[in-house]
Each structure stands twice: as C-alpha cells, then as structure tokens.
Amino acid sequence: MPADQVRDLADIAALECLAEELGDILGPGDVVLLEGPIGVGKTRLVSAFVAALGSTDQVTSPTYTLMHVYETPSLPVLHLDAYRLSGVAEYLDLGAGDFAHDSITMVEWGDRVADAHPEHLGLVLEFGRSGETSRRCTIRRRGRSWPLPDTP
C-alpha cells in the first residue's frame, strides 16, 4: 500500500481538480472518508465530484438530513455526514450499506465511522498556509491502492 500522500491545493480550482481525478478512478463500492474542520471544503469537494460525474444536482451538506443520494449518468453517489452520529452502529443503521455496492460513498467526518470501512480512501483537508483559499490534503489509502497520481 502506498504511503500517505500530501498535496498542497492553491485554491478552490485545485480542490475541484482533485475531485475530477477522483471521478476518473472511483467506481461502484468505493468509499471516501472526508475529514477536516468546518468550512474547509468537504461539501465543496463532494459537489465538484458529483459535477465531474456529469450531474447537475445541487449538492448540499447532509449535516441535518444525514444522507443525500445524487444520481449521475454512471452511478449514484451517497453523501453522508457522520458529525452528529454516536458511532458506527448508528451509522450502519442509516442503511447506506444496503445499496453502497452499486454507488460511490462519500462520508464527511468519516474518521468517526472508519471502522465500518476497512477499505477506503481517506482525504484529510486542512486550511493551507499560502492564502485564504489554499488547502492541504492528505490522501490515505486503506485496504487497497487507488491510482491517484503523485501530482495533479
């Protein structure tokens, strides 16, 4: 398994490019666990990902609804938020696993439910140091190797 990879993202356009790269490599059954502070761009990344797959759906944070499903021309995207959940058991009770094998699952605050997904791609977003819109993303591959290039 490759080592964690760190990418400096200069701006929101670079975050969107990362989302497009994910669109090229993720398929049915894949899980992406997103981590990072409030306002760092977790929902923005999901929005860009859904758009990269060809959907015009308006992506919104699932903080209060817990789960949204976005239809794309290729396959559905499950967008979950684990922030308000008490743990893995409550997460599993949402029932996303019932159709996750035919979808791509993206979970905000995913570190809270990582035990439910031993095989996942983890993206840890942090605010960058080079400006208000810069971000740093640590890419963690768990259980298998996703073919993301070292640099965009």
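Conditions (1) under 18 Å from Val107 (Cβ atoms); (2) charged (D, E, K, R); (3) surrounded by fewer than 22 Cβ atoms within 10 Å (Cβ to Cβ); (4) at pLDDT 95 or above, marked per residue:
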residue: Ile25; (1), (2), (3), (4): yes, no, yes, no
residue: Leu33; (1), (2), (3), (4): yes, no, no, yes
residue: Pro76; (1), (2), (3), (4): yes, no, yes, yes
residue: Glu90; (1), (2), (3), (4): yes, yes, yes, no
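Need pairs with beta-carbon distance below 9 Å; first residue free of Cβ contacts under 8 Å to residues at least 24 places away in the same chain and within the range 2-22, second among the aliphatic types (A, V, I, L, M); sequence gap 6+ or separate chains.
none
With Leu125, Leu121, Leu85 as the choices, which residue is in contact (Cβ under 8 Å) with a residue 24 or more places away in the chain, more than 17 Å from Asp30 (Cβ to Cβ) and touching a strand residue (DSSP E or B) at 6+ places or on another chain (Cβ under 7 Å)?
Result: Leu125 is the single residue among Leu125, Leu121, Leu85 that is in contact (Cβ under 8 Å) with a residue 24 or more places away in the chain, more than 17 Å from Asp30 (Cβ to Cβ) and touching a strand residue (DSSP E or B) at 6+ places or on another chain (Cβ under 7 Å).
Kindly indicate which of Thr63, Thr43 is at pLDDT below 95 and under 26 Å from Ser134 (Cβ atoms).
Thr63
Is at least one residue of the range 47-64 buried (at least 18 other Cβ atoms within 10 Å of the Cβ), touching a Lys or Arg at 6+ places or on another chain (Cβ under 6 Å) and not basic (Lys, Arg)?
No, the conditions are met nowhere in the range 47-64.
Picking from Ser145, Ser74, Ser61, which residue would you name as being among the hydroxyl-bearing types (Ser, Thr, Tyr) and touching a residue at least 60 places away in the same chain (Cβ under 8 Å)?
Only one candidate qualifies: Ser145.
Applying the selection to the range 104-122, what residues are buried (at least 22 other Cβ atoms within 10 Å of the Cβ) and either at pLDDT below 95 or not acidic (Asp, Glu) (or both)?
Within the range 104-122, Ile104, Thr105, Met106, Val107, Gly110, Val113, His117, His120, Leu121 qualify.
The values are calculated or read from the model by the stated rules, or taken from the named source; none is laboratory data. Treat the numbers as computed from the prediction; the structure is a model and nothing was measured. We place every Cβ from the backbone using ideal geometry, glycine too, and count neighbours over all the protein chains shown.
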